Amino acid sequence: MEFARIREFESPLERYLAEMIKDWGEKYVLPYRREFDEDWKEHRYVEPALEKLMVGYGFQMGVFPGEFGGWGIGNSDYFGSITARLMEEIGRYDTGIAVSVGVTFWPLFMITVKPHINYDLCAEFSELFARKKLTIAANAMTEPQGGSDIENLDELRGKTIRTTAVLDGDEWVINGHKLWPTNTGGMADLFGVVCTTKPGEADEKYFAYIYIPANLPGVKQGEPYRKAGMAADKNSDIWFDNVRVPKHYRAWGEGLDAKYFREIIATGCLGSAAMTLGAMENIYEILYEKCGELRYRGKPLKENTAVAAVLADIAAEIEVSRAAVYTYARMLDRPDIYGERYSAEMVARGRALKLKVCDACCDVARKAVDLLSHYGIDRSFDVEKHWRDVKMVQLWMGGRQLCQMDVARHFYDCKQL
Amino acid sequence: MRTTINPLAELKSDTAEMITKSIKEWAEKEVMPYRHEIDDNFEMAERAMKKLFVDIGMQKLLVPESAGGAGLSFEELPPILYHSFSEIGKADAGIGFVLSALVASSASAIGSEVFDFMVDKLSSGFCRVSIVPPQFGNDDFRGFELAKAVEKGNKIRIKFYGRPLNSGFDADLFVVFCNYDGVSLAVLDGEEVERGEIVKTAGLNASRNCDVRIKAEVEKSRIIKGDAWKRLEIYLNLCLSSLCVGSAVDSCRIVGDWAEKRFIRGKPLKDNTVDAEVLGEVAKEAIEASMAAQFLAKSMLEDRSDDEIHTLSAITALKCSGAAFNVADRAMELMASQGYAREGLLEKQWRDAKSIAALLNQQHSLLELSERFFASKLWER
C-alpha cells in the first residue's frame with residue numbers, strides 16, 4: 001500500500017535518492033536493527049551502517065554545491081522536498097540514523113543553502129567531508145542552564161546563551177559547555193556552535209554561529225548518555241575551553257547568524273516531522289503483517305472491527321501527516337512564493353508541523369504497542385523500538401511547549417509569550 | 001509538593017503500616033541506589049526481589065502462620081496490597097509486576113487442594129510464579145485461546161505453546177488458564193515446562209519472560225475450577241493498579257523536583273503557565289489513579305459479587321495503568337532530554353507503565369465492559 005504522494009511535487013533526484021536509501025536500509029540496517037539498543041555506546045553495528053550510507057552511497061557530500069564535489073541539495077529548487085524525503089526514508093529504518101544524518105547536514109545548511117552559500121567555508125569544509133571516511137557534524141545549541149531557551153530566539157534573542165565567543169585578533173576564542181547535541185559522545189568531526197559575543201544581551205547581533213573542528217585543543221566530548229531509545233543517536237556533554245578558530249569560521253556575522261539560524265530551526269522541524277513520518281510508515285508495515293497473522297475472536301486481528309478502527313486511525317494519521325510534511329517541504333522549496341525560510345511565519349509553520357506530526361507519531365506508536373499487547377512490548381517486533389525512539393523527536397528542539405509558543409505567537413499575534 | 005492524598009480510613013491498618021515501612025526501607029537500601037542500572041543488571045533486580053519476597057516475606061502473605069507465613073485473610077488483604085504495591089511502584093514496577101503474579105495466583109488457590117502444593121513452594125525459599133493467560137489464537141475463550149486440558153485416566157494432560165504474562169524464564173510455578181470444565185487454572189511445577197530464550201522487552205525487566213511449551217500430565221488436584229480465574233484477575237488487577245499508582249506518584253515526584261530546579265524564561269519551570277498546566281495534569285492523573293485503586297480495595301472488603309468486583313478491577317487497572325503512563329509521558333515532555341535519559345529515572349517508569357498497559361490488552365477489556373454494561377453479545381456463537 002502507498003500513502004498519498006503528490007507526484008508532481010516529486011523531484012527526479014528525490015526519487016532516485018529514495019531508491020538508494022531503500023537499498024541501503026534493507027541491506028545494512030534491517031539485519032542489524034535489533035542490535036542497536038545494546039550498541040548505544042560502542043556503535044559497532046550503527047557506525048558501519050551509517051558509514052555505508054554516508055561514504056559508500058555518498059550522502060556525506062550531499063549538501064555541498066556541485067563545484068565542491070557535492071550533490072547540490074542546498075542550492076536545489078527542491079531543497080525542502082529532498083530533505084524531507086531523505087529523513088522520511090531513513091526514518092523508516094531508524095530514526096536514530098536519520099537524525100545522525102540530518103544533524104550532519106544541519107550546521108552545514110547555514111553555509112550551503114541558497115541564497116546564503118558561504119563559498120569560502122564550503123571550499124574548506126567540503127574537503128573534510130570529501131574524505132573517504134565517515135565524517136560527522138553536530139549542532140551545539142543546548143546549554144545546562146536554560147534548555148530550549150537557546151532556540152527561543154523570538155522571545156529571548158540570545159540573552160541566556162553562556163557560551164562566549166571573543167574576538168582576539170583574527171581568531172575567535174570560544175568558551176562554554178553544551179549538552180545533548182546529536183552526534184557527540186566522540187562522533188563529531190565538526191561543530192556548529194551557538195555562542196554570544198556579549199553575554200546577557202538580548203540582541204540578535206550578538207548571536208554568533210561559529211564552526212569548531214572537533215580535533216582542536218580545548219574541545220572535549222564526554223561519554224555518550226544512556227537513553228530510553230535512539231541508540232543510533234549519540235549525545236554527550238561538550239566543553240570548549242579557550243578554543244581558537246579563525247575569524248572567518250563565524251558563519252555570516254552580526255544579525256545574519258541569527259537570521260539563518262531561524263532557517264535551520266525551520267528545516268529541523270521539517271526533518272523531525274519527516275523522520276517520524278517514516279517511522280509511522282514502518283509501524284504500519286509491521287502492523288499490516290502482524291495483524292494478519294495474530295488471531296482474535298476466531299479471525300485475524302485486523303478483521304475485528306474494534307481493531308480495524310484503530311488500524312484505520314493509524315493509516316489516517318500517516319496519510320494526513322505525509323500530506324502535511326510535503327506541503328511544508330514545498331513551501332520551503334519556494335521562498336519566492338511563500339517567503340524566506342527564516343521568516344517568523346515559516347518558522348511557526350514548521351513548529352506547527354513538528355508539533356502535529358510528532359504527536360501523531362507518538363500516538364500511532366502507542367496504539368500499535370497496545371494492539372499487539374505481548375508482542376507490542378517485545379523488542380523482536382520493532383514496534384516498541386519505534387515507540388521509544390520517536391518520543392525523543394517529540395522532545396527535542398524545545399519539545400511541545402516551545403512549538404506551542406511559537407505557533408501561538410504567530411497565529412494569534414501574541415506579544416507577551 | 002503534594003501529589004498524594006491520604007488513604008481512605010477503611011484502608012488503614014497497623015499491619016499495612018508495618019509492611020509499608022519495611023518496603024520503604026527495602027526500596028531505599030536495595031533499589032534506589034542502583035535504580036538507574038537495574039535494567040542492565042538482572043542480578044541486582046534478583047537480589048532486591050529476594051529481599052522483598054523472602055526476607056520481608058511478601059511471597060508468604062497468604063501462607064498460613066503454621067507454615068511460616070503471615071496468614072492474611074481476604075478481609076485483611078486488599079488494604080495491605082494497596083499500600084504495599086503503591087510503595088513498590090515508587091521503586092521498581094518490574095519487581096512489583098513479578099510479585100503481583102505471585103500474590104494473585106496464591107489468592108486464586110486459597111481453599112483449593114492445590115494450595116498446599118503452592119504453600120510448600122512459597123515456604124521453601126525464593127519463588128516466582130508465572131501466569132499463563134489466554135493467548136491470541138483460536139476463539140475458545142472470549143476471542144482467545146486457552147491451554148488444552150484433556151482427561152487421561154486420573155490425570156489431566158495440559159498442552160500449550162505461547163507466552164506467559166510474566167517471569168516465564170525464571171518461574172518456579174506456572175498457573176495456566178486452561179479449558180477444563182469451562183475455564184480453570186492448572187498449577188504446574190516449573191520443571192514441567194519447557195522454556196525458550198529470554199524475550200527482550202520494552203520494560204519490566206525484573207520479569208524475564210520467554211515462550212514456553214507445556215506437555216504435562218498432572219493430578220486433578222492441581223486444577224482449580226470455578227471462578228478461581230476471576231479471583232486471580234481481581235487480585236492481579238488490584239496489585240497492578242496499586243503498583244501503577246506508585247509509579248505515577250514517583251513520576252510526579254521526579255518532574256516536581258525538576259520543575260523546581262529548572263529555570264526557563266528566567267523563572268522556575270513550574271512558574272511558567274504552559275508548564276504548570278502539564279504539572280497540573282500529571283497531578284490530576286496520579287490522584288485519580290490513587291482514588292480508583294483505593295475504591296477498588298475498599299470495594300473488595302464489601303459484600304459484592306465476584307462478577308461486579310471483577311469488572312471493577314478491570315476498569316481500575318485500565319485507569320491506573322493509563323494514568324501511570326500518561327504521567328510519565330507528559331512529565332517527560334517537561335523534562336525533555338533529562339526525562340529521556342536513563343539517569344533521570346523517569347524513563348524507566350515510562351517504559352514499565354507502558355508495558356503494564358499493553359499487557360492489560362485494552363481493546364479486549366473494553367469489549368468485556370461493553371458486554372457487561374450494554375449486554376453486547378460479542379462472544380455468542
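The values are calculated or read from the model by the stated rules, or taken from the named source; none is laboratory data. It should be emphasised that the depicted structure is a prediction, and the values quoted were computed from it without experimental measurement. With ideal geometry, Cβ positions are generated from the backbone for all residues, glycine too; neighbour counts draw on all protein chains shown. Each accessible area value is taken on the protein alone, full model and side chains, heavy atoms only, with ligands, DNA and RNA left out. Shrake-Rupley method; radii C 1.70, N 1.55, O 1.52, S 1.80 Å.
Take the stretch B:5-137, drop everything but the C-alpha atoms, weight them equally and run the Debye formula without solvent; then report log10 I(q)/I(0) at 0.11, 0.17, 0.19 Å⁻¹ to two decimals. Per q value, in the given order, log10 I(q)/I(0) is -0.40, -0.93, -1.13. Rounded to the nearest 10 square angstrom, B:T15 shows an accessible area of 50 square angstrom against a 1.4 Å probe. Per-residue packing, averaged as other Cβ atoms within 10 Å, sorts the ranges B:236-246, B:222-232 into the order B:236-246, B:222-232, beginning with the highest. Database remark: amide H of B:S130 closer than 5 angstrom to the amide H of B:D172, B:L173, B:F174, B:V175 (H placed geometrically; neighbours at sequence offset of 5 or more, or on other chains; Pro and chain starts carry no H). For the pair B:W379 and B:E151 in one chain, pulling the backbone fully straight at 0.36 nm per residue adds 79.5 nm over the alpha carbon distance. Using a simple spin-label model with pseudo-atoms 7 Å out from Cα toward Cβ, A:M1 and A:N215 lie 5.0 nm apart. Summed over both chains, the accessible area lost when A and B associate is about 4300 Å², using a 1.4 Å probe.
Is there a simple number for the mean count of other chain Cβ atoms within 10 Å of the Cβ of residues in B:360-368, and what is it? Let's see the in-between values first.
Numbers: counts 2, 7, 6, 11, 6, 0, 1, 4, 0.
Counting other chains' Cβ atoms within 10 Å and averaging over B:360-368 gives 4.
Ranking B:I264, B:L345, B:A328 by Cα position along the charge dipole of the stretch B:228-374, where only Lys, Arg, Asp and Glu carry charges on their C-beta atoms, puts B:I264 farthest toward the positive end.
What dipole magnitude, in Debye to the nearest 20, does the stretch A:258-411 give about its Cα centre under +1 on Lys/Arg Cβ and -1 on Asp/Glu Cβ? Intermediate values should be presented prior to the final figure.
Numbers: 23 positive and 21 negative charges, 65 e Å.
That gives the stretch A:258-411 a dipole magnitude of about 320 debye.
What FRET efficiency, computed as 1/(1 + (r/R0)^6) with R0 = 60 Å and r the Cβ-Cβ distance, is obtained for A:E223 and B:D14, rounded to the nearest 0.05? Kindly include the intermediate steps, with their values, before the conclusion.
Values: r = 49 Å, r/R0 = 0.81.
Plugging the Cβ-Cβ distance into 1/(1 + (r/R0)^6) gives 0.80.
Rounded to the nearest Hz, the phi-derived 3J(HN,Hα) couplings of the stretch A:339-354 under the Karplus curve 6.51 cos²θ - 1.76 cosθ + 1.60 (θ = phi - 60°) are x, 4, 5, 8, 5, 4, 5, 5, 5, 5, 5, x, 4, 5, 5, 4, where x marks glycine and proline.
Over 24 Å between Cα atoms: which of A:K178/A:K259; A:K132/A:K247; A:K27/A:K290; B:K24/B:K50; B:K90/B:K298; B:K90/B:K284 fall into that group? Show your work: numbers first, answer last.
On the way: A:K178/A:K259 21 Å; A:K132/A:K247 28 Å; A:K27/A:K290 22 Å; B:K24/B:K50 15 Å; B:K90/B:K298 21 Å; B:K90/B:K284 17 Å.
Those over the limit are A:K132/A:K247.
Other protein chain C-beta atoms within 10 Å of residue C-beta, averaged over A:361-372: 3. A simple spin-label model places pseudo-atoms 7 Å from Cα toward Cβ; at A:A312 and B:M32 they are separated by 5.0 nm.
When the charge dipole of the stretch B:9-126 is built from unit charges on Cβ atoms (+1 for Lys and Arg, -1 for Asp and Glu) and taken about the Cα centre, the candidate among B:A107, B:S124, B:V54 whose Cα reaches farthest toward its positive end is B:V54. Per residue of peptide A:399-406, the mean number of Cβ atoms on other chains within 10 Å of the residue Cβ is 4. Each label point was placed 7 Å from the Cα along the Cα-to-Cβ direction; for A:E19 and B:E197 their separation is 3.6 nm. Computed extension length for A:L417-A:D363: 16.7 nm, one decimal, from 0.36 nm per residue of separation with the Cα-Cα distance subtracted.
Rounded to the nearest 20, the size of the Cβ-charge dipole of the stretch B:195-248 about its Cα centre is 140 debye, with Lys and Arg at +1 and Asp and Glu at -1. Basic side chains Lys and Arg get +1 at the Cβ, acidic Asp and Glu get -1 at the Cβ, and with that the dipole of the protein assembly as shown about its Cα centre reaches some 300 debye.
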